[in-house]
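Working notes for the structure below.
The values are calculated or read from the model by the stated rules, or taken from the named source; none is laboratory data. Fair warning: this is a prediction, and the values are worked out from it, not measured in the lab. When we count neighbours, we look across all protein chains shown, and the Cβ atoms used for this are built from the backbone with ideal geometry, even at glycine.
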């Protein structure tokens, strides 16, 4: 699965998620990715999310919308993303990852699987990583 | 607000052999997306452009390089959302298209619906003259190998990430 979230200079947000699904899935299996609130969600009043990982768990946990609801209580993007991703793994024992951007440009990146590749561009720098805790920065 | 675009290339048990390819791909995707965001000021343009990059790269499980169904086929899904008025476009069970995220956007912008799949999606793709791609573009050797491994192991441990070398499955 691949995904993208963005905020423009006026605070408008959006998200996108695209996938081939899971290897060996049944013909006709529909995963989390196209389902609003699971594979992605965005609301200018809060922010935007794109998720990835074990689809059956992400659907049951409604991961994307749960992150934005948490942010709506005043929690920042990073804490809300980490809280929801870890909450899903704790509850359903499957791993996932999520990326979040708030309508003010806050960043949230969290994953409970072994790795998740991510990158973002902001203020003339590119940030990226793939290991737990890794955060590389390069000037553009 | 300082414009930002953040992308991911999938989470899972990504093998060592695929790490650098993944990092290179998400950096390329973020840079292209950011350029479009700065040029157009439109988040949907930036999101679509950044995801199209990864849909073309065989190292990512979307578009070209998608994982396979038990019957060795590619069935893709995509969702695009716009925060301004909570609009969204989604597709499922999509076959033989190059950019699923772009078709999801067309569903949002050109139909009265949010989510299309199966035969109805096929009619929409034809009506909109969306170009098709063959299995030779979509299905990679890695994906075939991963499915073989999956079946050999009795179909356990769903995988979403594939290694760069045959035999390196996520």
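What to note about this one:
- Subset of the range B:112-125 (residues that are surrounded by 10 or more Cβ atoms within 10 Å (Cβ to Cβ) and not in a loop (DSSP other than H, G, I, E, B)): B:115, B:116, B:117, B:118, B:120, B:121, B:122, B:123, B:124, B:125
- Residues that are under 19 Å from residue A:24 (Cβ atoms) and crowded, with 24+ Cβ neighbours inside 10 Å within the range B:76-93 comprise B:76, B:77, B:92, listed in sequence order.
- Any hit, the range B:43-61, residues being over 16 Å from the mean Cα position of the chain (by Cα), surrounded by 23 or more Cβ atoms within 10 Å (Cβ to Cβ) and either facing chain A (nearest Cβ under 7 Å) or not in a helix (DSSP H, G or I) (or both): yes
- Lone unmet requirement of (1) farther than 17 Å from residue A:36 by Cα; (2) out of contact with any helix residue (DSSP H, G or I) (no Cβ under 6 Å at 6 or more places or on another chain); (3) within 13 Å of chain B (Cβ to nearest Cβ) for residue A:102: (2)
- Any hit, the range A:112-135, residues being more than 9 Å from chain B (Cβ to nearest Cβ), under 23 Å from residue B:88 (Cβ atoms), in contact with a helix residue (DSSP H, G or I) (Cβ under 7 Å, 6 or more places away or on another chain) and crowded, with 19+ Cβ neighbours inside 10 Å: no
- Any chance residue B:14 is over 19 Å from residue A:30 (Cβ atoms), touching a residue at least 24 places away in the same chain (Cβ under 8 Å) and more than 8 Å from chain A (Cβ to nearest Cβ): no
- Number of residues in the range B:75-104 that are more than 8 Å from every other protein chain (Cβ to nearest Cβ) and not in a loop (DSSP other than H, G, I, E, B) equals 6.
- Residue list for the range A:60-87, restricted to those being closer than 14 Å to residue A:116 by Cβ and crowded, with 17+ Cβ neighbours inside 10 Å: A:63, A:81, A:82, A:85
- Breaking point among (1) more than 7 Å from chain A (Cβ to nearest Cβ); (2) under 10 Å from the mean Cα position of the chain (by Cα); (3) not in a helix (DSSP H, G or I), for residue B:72: (2)
- Residue within the range B:152-164 that is surrounded by fewer than 18 Cβ atoms within 10 Å (Cβ to Cβ), out of contact with any strand residue (DSSP E or B) (no Cβ under 6 Å at 6 or more places or on another chain), modelled with pLDDT under 95 and assigned to a helix (DSSP H, G or I) present: yes
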